[in-house]
1. Of all accessible surface on the chain at a 1.4 Å probe, what whole percent is carbon and sulfur?
2. Which value, in Å to one decimal place, does the Kirkwood hydrodynamic radius take for the stretch 62-157 when every pair of different Cα atoms is included?
3. Which percent of Cα pairs goes in each bin when the distances of the stretch 104-167 are cut into 5 angstrom slices starting at zero?
4. Could you tell me which helices of the chain pass both thresholds, a Cα extent of 20 Å or more along their own axis and a mean Kyte-Doolittle hydropathy of at least 0.0, with helices taken as whole DSSP H runs?
5. Under 1.5 on a/c is rounded, so check that first for the stretch 159-210, then, if it is not, pick prolate when a/b is larger than b/c and oblate when it is not; a ≥ b ≥ c are the square roots of the alpha carbon gyration tensor eigenvalues.
6. If you average the alpha carbon positions of the stretch 6-36 and of the stretch 50-118, how far apart do those two centres end up, in angstrom?
7. Per DSSP H run of n ≥ 4, the term is -39500 (n - 2.57); total these for the chain, divide by its residue number, and report the mean residue ellipticity at 222 nm rounded to 500 deg cm²/dmol.
8. Taking +1 at the Cβ of each Lys and Arg and -1 at the Cβ of each Asp and Glu, which of Leu145, Gln198, Val51 sits farthest along the dipole of the stretch 4-210 towards its positive end, judged by Cα position relative to the Cα centre?
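The values are calculated or read from the model by the stated rules, or taken from the named source; none is laboratory data. Everything numeric in this text was worked out from a predicted model, so none of it was measured. Quick reminder, even Gly has a Cβ in these numbers, built from the backbone with ideal geometry, and neighbours come from all protein chains shown. Just so you know, the surface numbers come from the protein's heavy atoms only, side chains and all, with ligands and any DNA or RNA stripped out. Shrake-Rupley method; radii C 1.70, N 1.55, O 1.52, S 1.80 Å.
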Amino acid sequence: MLSIEQLKHLTQSVGVIPTLVIDDVHDAIPLAQALSDGGLSVLEITLRTPVALQAIQQIRQALPALTIGAGTVCDAGAAAAARDAGAQFLVSPGYSTALGGYCRAHQLLLMPGVATASEVMNALADGYDFLKAFPAAVIGGTRWLQAMHGPFPAAQFCATGGITTKEVADYLSQANVLCVGGSWMTPRDAVQEKNWTQITALARAAHEAVL
Ligand code: 3PG
C-alpha cells in the first residue's frame, strides 16, 4: 500500500482517476494501457464484477508504473481481498467505523466516501482526511464542496459521481479538491468493442482538462 501522502501527491498530479468496471478479465491490461496512453496513471478498479480482483492482479503485474486502487470496498473482507490482489489503495462509496477501524488496524490505505457533514465528521474523527465526495453531482457538486470547506478545512476530496470532462476544471479549482474520478472515460460499449483508441482519446481529453 502507499502512504496517504503519496496517494494525495499522485492523485493531485494526475487530477483525474478513472473508475473501472471490468466484466471481462481479458480487457484489464489493454484498458489500463489505453488509459495510461492518454496520460491517466492512477486507476480505481471497482469490486463490482467477479473478475475485479484478478484484473487488479494482472494490471499490477503487467503495468507496474501505474497506481492501482480497488473501489467499492464496503467491508473488511473486501478490503483484505483487495490488499491481497495487490491494490495500492482502497476506496469505499460510504463510510463505516467498522471498515475504517479494520483498515487502520491493518494499515490499509482507505479513501472513504462521504455525502453528508455527519459522515465527514465521523471519517475525520477516525483519522481519514482524504475523502471521496460521492455521488458528487447528486449531492450538490462544487457547491457542496464549498459548503464543507468552512466547517472542515482539514478535509480534502476526490469528487466522483456524475462528472464529465467539461466539469473537471471547475471541480479542481475548489480549494479542497485534489482530484476527480469517474467512469466517463470508459464507456461500456467502447470497452465491449475493444475500442482502445477511443478510450485513449477520452483519457487524453480528461487529462488535458486538468492542465
Ligand atoms: C463510482 O464509484 O461508481 C464512481 O463514482 C463512478 O461514477 P460515475 O459513473 O458517475 O462517473
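1. Values: 4770 of 8880 Å².
Using a 1.4 Å probe with all protein chains present, the chain comes out at 54 percent carbon and sulfur.
2. On the way: mean 1/r = 0.0728 Å⁻¹.
The answer is 13.7 Å.
3. Per 5 Å bin, starting at 0, the Cα pair percentages come out as 4, 19, 31, 22, 14, 7, 3, 0.
4. Numbers: long enough: 196-210 (21 Å, 0.30).
The qualifying helices are 196-210.
5. On the way: a/c = 3.50, a/b = 2.14, b/c = 1.64.
Prolate shape, in that a/c is at least 1.5 and a/b is the bigger ratio.
6. Here the two parts' Cα centres lie 14 Å apart.
7. Working: 11 runs with 101 residues, N = 211.
Rounded to the nearest 500, the figure is -13500 deg cm²/dmol.
8. It is Leu145.
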